[in-house]
Amino acid sequence: MINQNPVFIPGPTNIPERLRRAFDVPTMDHRSDVFVDMFLPLISRVKAVLKTSTGQVVMFPGSGTGGWEAAVTNTLSPGDRVLAARHGMFSQKWIDLCQRHKLDVEIIETPWGEGVPVPKMRAALEADTTHSIKAVLVTHNETATGVRSDVAGIRQALNDTGHPALLLVDGVSSIASMDFRMDEWGVDIAVTGSQKGFMLPTGLAIVGISQKAMEATQKATCPRYYFDFEMMLEANSTGGYPYTPALNALCGLSASLDMIEAEGLECVFSRHHRIAEGVRRAVAAWGMELCARDASLYSDTVSAILVPDGFNANDVVTHAAEVYGVPFGAGLGDVAGKVFRIGHLGAMTDVMALTGIATAEMVMADLGIPFPQGAGVVAATDYYRETNGVSLKLAAE
Ligand SMILES: *Cc1c(COP(=O)(O)O)cnc(C)c1O
């Protein structure tokens with residue numbers, strides 16, 4: 001039992017006690033067999049989560065942002081054109097990172113609340129008859145707006161137009177919580193971190209790499225050292241690292257994979273869907289709307305909730321933290337003050353989600369935001385009761 005309320009920020013997420021304990025290991029020599037025996041099995045287990053059998057996986061000390069940097073610097077050269085939609089804070093930041101690496105980003109401005117615009121992306125690829133676009137960037141789950149994009153649709157557009165660009169995907173807030181199919185979607189680089197779906201503290205940038213992406217590294221001239229794939233993969237091939245690994249985080253990852261495998265990956269996804277659906281029913285019962293424009297875009301890991309005009313969503317976040325000790329996610333960038341976010345990913349249960357929903361009701365009542373008090377709790381509890389036992393539970397600690 002932990003003496004703290006759950007957090008409802010969409011990362012870092014709640015850490016099960018079992019995973020906190022998994023970090024508590026004495027120093028081990030990372031050049032010893034003990035390390036090799038702990039580390040090597042992680043690779044195939046992470047591949048299973050990414051759903052890749054043809055790709056490779058590396059685990060840098062770092063976070064998701066480091067994974068973005070690795071994706072770009074290993075496969076591209078300064079001046080290369082890349083295609084990206086800007087539709088939230090995370091897609092925006094990845095674009096900024098590309099520009100700082102002197103990449104020429106063709107930005108498709110997209111309203112926040114919408115997903116990656118597949119038809120516009122397709123048109124841009126079609127127009128690029130000389131194949132000057134070297135990569136397409138997709139943020140699978142825009143954590144700022146609670147929007148899931150259609151990665152398979154972008155793959156289809158690349159295939160239909162016969163375009164050879166790499167498909168680089170940010171899966172930081174989807175991987176290990178929402179279905180992600182690296183091989184099936186033809187994803188060339190998949191990026192995530194340890195502190196979201198994997199339920200761990202921050203410490204790892206986890207990156208999946210396709211064979212095509214590995215081939216691209218041979219021509220890519222962006223400077224890189226710490227995040228160099230080749231150097232990492234060569235050391236990994238014998239169970240080693242080119243520098244000091246994040247030992248405790250890797251031990252944590254092993255325990256996290258134990259939990260995910262025990263629950264079953266597909267059950268992890270359906271648990272997230274069920275929890276998210278309860279939150280969405282609560283929001284609907286409040287008479288409020290999500291930032292995500294339609295149901296096909298709904299994220300199962302985070303819901304960004306629009307507050308009525310005349311109210312500042314930041315007040316919801318501040319009041320919840322100060323008065324009830326419950327962290328919600330604030331609105332970021334263009335939607336700052338307009339939305340508050342309920343993160344419901346990682347080590348989350350329906351009962352935990354209900355505490356978030358009830359807290360949001362207390363806060364909104366305190367602030368005078370008009371809504372039918374209790375209606376969200378009733379809608380969510382009804383849904384969770386109806387579907388109880390259908391969807392499985394987070395693996396026991
Ligand atoms: C959290 C997040 C990031 C940033 O990752 P860090 O681990 O904070 O560096 C990037 N993209 C998305 C979609 C995220 O949710």
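Annotations
- One residue alone among Leu233, Leu265, Leu257, Leu253 is surrounded by fewer than 18 Cβ atoms within 10 Å (Cβ to Cβ) and under 30 Å from His344 (Cβ atoms), and that residue is Leu265.
- Total residues in region 73-89, condition touching a Cys at 6+ places or on another chain (Cβ under 6 Å) and farther than 17 Å from Pro164 by Cβ: 1
- Residue within region 61-73 that is in contact with a Phe, Trp or Tyr (Cβ under 7 Å, 6 or more places away or on another chain), of a type outside the set (Phe, Trp, Tyr) and away from the ligand (no atom under 12 Å from the Cβ) present: yes
- The number of residues in region 22-32 being in contact (Cβ under 8 Å) with a residue 60 or more places away in the chain and either among the small types (Gly, Ala, Ser) or not in a loop (DSSP other than H, G, I, E, B) (or both) comes to 1.
- The set of residues in region 230-259 being closer than 25 Å to Ala216 by Cβ and assigned to a loop (DSSP other than H, G, I, E, B) consists of Ser237, Thr238, Gly240, Tyr241, Pro242, Tyr243.
- Count - residues of region 174-204 that are assigned to a strand (DSSP E or B) and either within 17 Å of Ala48 (Cα to Cα) or in contact with a Lys or Arg (Cβ under 7 Å, 6 or more places away or on another chain) (or both): 5
- Residues of region 74-93 that are near the ligand (Cβ under 9 Å from one of its atoms) and of a type in the set (A, V, I, L, M, F, W, C): Met89, Phe90.
- Of all residues making up region 313-333, the number that are small (Gly, Ala, Ser) and without any contact (Cβ under 8 Å) to a residue 12 or more places away in the chain: 1
- Ala358 buried (at least 16 other Cβ atoms within 10 Å of the Cβ) and either touching a strand residue (DSSP E or B) at 6+ places or on another chain (Cβ under 7 Å) or in a strand (DSSP E or B) (or both): no
- Residue that is farthest from the ligand (Cβ to nearest atom), among those in region 1-33 that are of a type in the set (A, V, I, L, M) and closer than 18 Å to Asp258 by Cβ: Val25
Values quoted throughout were computed directly from the atomic coordinates according to the rules given, and no laboratory measurement underlies them. Nothing here was measured: the structure is a model prediction, and the numbers come from that model. Heads up, the Cβs are rebuilt from the backbone with ideal geometry, glycines too, and the neighbour counts pull from every protein chain shown.
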